[in-house]
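The values are calculated or read from the model by the stated rules, or taken from the named source; none is laboratory data. Predicted model, so just to flag it, every value in this text is computed and none were measured. Ideal geometry is used to build each Cβ from the backbone, glycine not excepted, and the neighbour counts take in all protein chains shown. For the accessible areas, the whole protein counts, side chains as well, though only heavy atoms, and no ligand, DNA or RNA atoms are used. Shrake-Rupley method; radii C 1.70, N 1.55, O 1.52, S 1.80 Å.
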There are 2 protein chains.
Amino acid sequence: MGQAKFSQTDFLAAAQAIAAAEGPAAATIASITARLGAPTGSFYHRFASRNVVLGELWLRAVRDFQEGIGAALDAGDGLAAALHTPAWVRGHLDNARLLLMYDRKDFVQGEWPEELRERVAEMTRRMEAGSRQRARAIFGEDGREEVRLAQFLISEVPVAAVRQHLVRREPPPPLVDRLIRTTYRAVVADYRARKRKPGLAERAV
Amino acid sequence: MGQAKFSQTDFLAAAQAIAAAEGPAAATIASITARLGAPTGSFYHRFASRNVVLGELWLRAVRDFQEGIGAALDAGDGLAAALHTPAWVRGHLDNARLLLMYDRKDFVQGEWPEELRERVAEMTRRMEAGSRQRARAIFGEDGREEVRLAQFLISEVPVAAVRQHLVRREPPPPLVDRLIRTTYRAVVADYRARKRKPGLAERAV
DNA sequence: ATGGGTTTAGAATGATAGTTCTAGAATATG
DNA sequence: CATATTCTAGAACTATCATTCTAAACCCAT
């Protein structure tokens, strides 16, 4: 057997570094191998395609991100789950930029490579289960409306509040947490009020 | 003079249609000219580069979008400005998708073409002035914090609430308006409460 | 009618990237 | 020590695009 100067991990790390610094599009085979001083041949000994490497980066970032939210929800606390986003972003600026500033399509062009299909499917399943879990944790039900509200509170609002800071490569200030918290409480309160007196709440809107 | 089978407007319309249907990246010179049955040469008689056409599309979408917000604010109503986003999206699904689902860099690669620089600069100026105007309209001041909150209420939250519906090419349901409204009122109320009794509000967080 | 512009028409060019190929070097195993 | 296997090395190939170029068609003003 040969000597293995360049490992899978080396290529992944190089790709991650380049993607974090200049965006996933900049992680070309040429730039990845150049950073390691490796020949392109070595790259293709480790990976079937560029899609595999960039898909792997994306999957890792998503998994890292989701884990914390899941943990917060297992504790039954929706607000903690909502506040997980700014907290995670502060501790993982690079991965956060990858995940929240770019689209999945900036990583994987066309179809997912066969090697990753199963993991993506698993991830999707987990996320769908998670969205109902979130609705139950916050509202006690997981009907269509509750799921939609939970997505707003736990995903949409926190991500939106954090984005401009990611663009500037700065940690989100405490004000961001306050906005998320205020929004969370208001939407939950509004939901409960509407449940209690649908007619009144309707008119009040 | 020749006969002019293909006008600037034709090319722009074709590019718009393709970009709206399949994303700006799909609006290549080949796809634009193919849609019209025009030769590539004719395209370059009308435009200096692809960047000019796609930059033009982006500028038009931004302008359309901003106009309504500006009008709402001139009436001094921050909530109306916040609710402009879902309303505009319902009436301009195609432009909304272009503007809210893609990044500026998906339209213009590298530098802006000289022909559009002035208009982009003007647009930037207008948006910066607008952000202070929004802060004043809502909070009566335009300090750093007020500007940040206004951006959250008028831009970040509405856009976030609307995005998943754009992806599905469906008009945002009324629930989206309710979320925006609830958030708006809560954040403004929280701001005012904090202004009145800073100590108390601080502890309450 | 014709000269000269504009426009059509599409082939040629050049750049960038992903992927494949051929050759040679290194090494663990028999 | 021989050799099969893996890996390095980088050139070659292929595809996709934006852009430029050459030639011919067209039509208005003279």
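Here are the numbers for this structure:
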| read-out | value |
| --- | --- |
| Residue-averaged beta-carbon neighbours from other chains (10 angstrom radius) around A:147-154 | 3 |
| Gyration tensor (alpha-carbon) shape descriptor, the stretch A:60-138, a/c threshold 1.5 | oblate |
| Unit charges at the beta carbon, dipole of the stretch A:102-205: most positive-side option, A:V188, A:G110, A:P174 | A:V188 |
| Burial ranking of peptide ranges B:113-123, A:98-108 (average Cβ count within 10 Å, highest at the top) | A:98-108, B:113-123 |
| Mean Cβ neighbour count within 10 Å, used as a protection proxy, ranking A:184-190, A:3-9, B:72-78 highest first | A:184-190, B:72-78, A:3-9 |
| Length gained when the stretch B:A48-B:Q8 is fully extended (0.36 nm per residue, less Cα-Cα span) | 13.3 nm |
| Set of lysines near A:K197 by C-alpha distance (under 30 Å), chain-local residues within fewer than 8 positions excluded | none |
| Helix B:50-74 vs. chain B, principal-axis angle (Cα, 0 to 90°, nearest 10) | 30 degrees |
| In nm, spacing of pseudo-spin labels at B:A87 and B:I29 (7 Å Cα→C-beta vector) | 4.3 nm |
| Where Rh is the Kirkwood radius over Cα pairs, Rg/Rh for the stretch A:1-99 | 1.11 |
| Protection proxy ranking, peptides A:44-52, A:147-155, average beta carbon neighbours within 10 Å, highest first | A:147-155, A:44-52 |
| Gaussian network model of chain A, springs between alpha carbon atoms under 10 Å - residue of A:R97, A:R63, A:R163 with greatest fluctuation | A:R63 |
| Cross-link reach list, lysines versus B:K105, counting only Cα pairs under 29 Å and skipping chain neighbours closer than eight places | A:K105 |
| Residues B:R60 and A:A71, FRET efficiency given R0 of 45 Å [Cβ-Cβ distance, rounded to 0.05] | 0.50 |
| Spatial separation of Cα centroids for the stretch B:21-78 and the stretch A:1-54, in angstrom | 36 Å |
| With DNA, RNA and ligands ignored, accessible area of B:L175 (1.4 Å probe; Å², nearest 10) | 40 Å² |
| Candidate aspartates and glutamates for bridging to A:K195, where Cα separation is under 19 Å - those fewer than 8 sequence places away on the same chain excluded | A:E141, A:D142, A:E145, A:E146, B:D177 |
| Gyration tensor verdict on the protein assembly as shown (Cα atoms; rounded if a/c is under 1.5, prolate if a/b is larger than b/c, oblate otherwise) | oblate |
| Dimensionless Rg ratio for the stretch A:67-204, taking C-alpha atoms and the 2.2 N^0.38 Å reference | 1.17 |
| Label-to-label distance, nm, for residues given as A:R169 and A:R125 (7 Å Cα→Cβ offset) | 4.0 nm |
| Estimated FRET transfer efficiency when R0 is 41 angstrom, pair A:E115-B:T40 (beta carbons, to 0.05) | 0.60 |
